[in-house]
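The values are calculated or read from the model by the stated rules, or taken from the named source; none is laboratory data. Predicted model only: the values in this text are computed from it and were never measured. Cβ sites come from the backbone with ideal geometry, for glycine too, and all protein chains shown count toward neighbours. For the accessible areas, the whole protein counts, side chains as well, though only heavy atoms, and no ligand, DNA or RNA atoms are used. Shrake-Rupley method; radii C 1.70, N 1.55, O 1.52, S 1.80 Å.
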Amino acid sequence: MTLAEILASLFPEGHAVAVEYGLVSGHGPFRGGRLAVIGIDGNTPLGVEGAARLAGSVLDVVRQGGATPILVAIDSDSQRMSRRDELLGLNEYLAHLAKCLLLADRSGHPTVGLVYGHTAAGAFIATALATRVLAGLPGASPSVMDLPSVARVTKLPLDRLEAMARDTPVFAPGLDNMVKTGAVHAVLDPAQPLGPQIEALIDGSPAADNRDALGAERGGRPVAQGIAAEVVRDARLG
């Protein structure tokens, strides 16, 4: 789905969401109130200005009070790979954006991520992965790091990494693998109105981060369940 199609499905009565330089912001009617929308569109890389602007949009919602939920819709490139952005401290801007989303969630504003296109690396981690619950749409392609980049970092052959990725979801990119590891909570049905599906995600949001448990249940994080059991055991003993 395109962003325009997503917004039309979410807000059949109209909305006030706009896209400027690949950055999404605005709101639409939702449950007798409104749903705030921020995000990245058009496979746009996320740089310092974009991260600051999105963080400001989140903080505007928090300042207004209430319990307005925030939808973070993402079709991005990775963080912007430029010397200028790195020298200006892009990592700190991305961390600030993620912290703003966490602040909003803890201030009573449910945060829902929606990956509908590509997204990777810092741009993915600081936006969609920083929400309380994350959904995807068919055709989305999220990754923390693509395999060619992993090959450059680890010095392992790409064909070996591709073989490893087929058997190890926690290591592999792609929507299906993100679902198996619990990073993506649910895949939405584009043939059905998205509003009720987002409502259901908000109503079913876990009280705490449960991605490790989801990954263990779905078979994508086989080590997580054992580690969780050890943590519980140690807590009981100590």
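Points worth noting:
- Counting only residues that are out of contact with any strand residue (DSSP E or B) (no Cβ under 6 Å at 6 or more places or on another chain) and touching a residue at least 24 places away in the same chain (Cβ under 8 Å), the stretch 181-197 holds 8 of them.
- Residue within the stretch 32-52 that is among the charged types (D, E, K, R), free of Cβ contacts under 8 Å to residues at least 12 places away in the same chain and in a strand (DSSP E or B) present: no
- If you go through the stretch 22-52 and keep only what is within 17 Å of the chain's Cα centre (by Cα) and open to solvent by 60 Å² or more (accessible area, probe 1.4 Å), you end up with just Asn43.
- Some residue of the stretch 78-98 being of a type in the set (Asp, Glu) and either in contact (Cβ under 8 Å) with a residue 40 or more places away in the chain or within 24 Å of Leu201 (Cα to Cα) (or both): no
- The listed residue being assigned to a helix (DSSP H, G or I) and open to solvent by less than 40 Å² (accessible area, probe 1.4 Å), out of Leu71, Leu94, Leu103: Leu94
- With a requirement of 3 or more residues that are open to solvent by 70 Å² or more (accessible area, probe 1.4 Å), the helices (runs of 4 or more DSSP H) lying completely within the stretch 118-202 that satisfy it span 158-167.
- Some residue of the stretch 4-21 being of a type in the set (Val, Ile, Thr), open to solvent by 20 Å² or more (accessible area, probe 1.4 Å), outside any strand (DSSP E or B) and within 21 Å of Pro110 (Cα to Cα): no
- Qualifying position, being touching a His at 6+ places or on another chain (Cβ under 9 Å) and modelled with pLDDT of 90 or more, among Ala98, Ala140: Ala140
- Among the residues of the stretch 23-42, those identified as among the aliphatic types (A, V, I, L, M) and closer than 18 Å to Ala200 by Cβ are Leu35, Val37.
- Which numbered condition Glu86 fails, given (1) open to solvent by less than 20 Å² (accessible area, probe 1.4 Å); (2) in a helix (DSSP H, G or I): (1)
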